[in-house]
1. Among the numbered criteria (1) at pLDDT 70 or above; (2) outside any helix (DSSP H, G or I); (3) surrounded by 10 or more Cβ atoms within 10 Å (Cβ to Cβ), which single criterion is violated by residue 68?
2. So, in segment 117-138, how many residues would count as being surrounded by 12 or more Cβ atoms within 10 Å (Cβ to Cβ) and either modelled with pLDDT under 90 or part of a loop (DSSP other than H, G, I, E, B) (or both)?
3. Please name all residue pairs, on different chains or six or more residues apart, with Cβ atoms under 7 Å, provided the first residue is in segment 98-112 and is in the same structural domain as residue 135 (by TED's automatic domain parsing) and on the phi < 0 side of the Ramachandran plot and the second residue is assigned to a loop (DSSP other than H, G, I, E, B) and surrounded by fewer than 18 Cβ atoms within 10 Å (Cβ to Cβ).
């Protein structure tokens, strides 16, 4: 029994020594070759970067700063998805140009914006070129059901082409 106890004590001491050696080697590794300085610099840079980035929800701007109103083009804006996007963009204060050929979209979806000076509606097919100066483009012009795909499949494919 004495030999077993001595062996267990020896294993415990060896384990304690290896833990101490491991912790001291980690400390030596971090402190060696200026790794600690690099670690602190990384922390400072990441904290300062996060404080600079505006993480406010839903694009709200802090008081005293004004967000630039954008000029936005929405192709297919008379459709279900496009008209809801237009509603949100107008609500946000952007100027919106809707280009739609009313193949599947409906003018009724946009009637409530026609008197708004920040809204323009252009009846135009996106297959044909058009020159507009805008800040953002939301390209939603494409028939949204297989029934419409089958009616004119070539035009459906061309509506995705961007030159």
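1. (3)
2. Going through segment 117-138 one residue at a time, the tally reaches 9.
3. Within 7 Å, the pairs are 99/124; 99/130; 101/124; 101/125; 104/144.
The values are calculated or read from the model by the stated rules, or taken from the named source; none is laboratory data. Being a predicted model, the structure only gives us computed values, none of them experimental. So basically every Cβ, Gly included, is an ideal-geometry build from the backbone, and we count neighbours across all protein chains shown.
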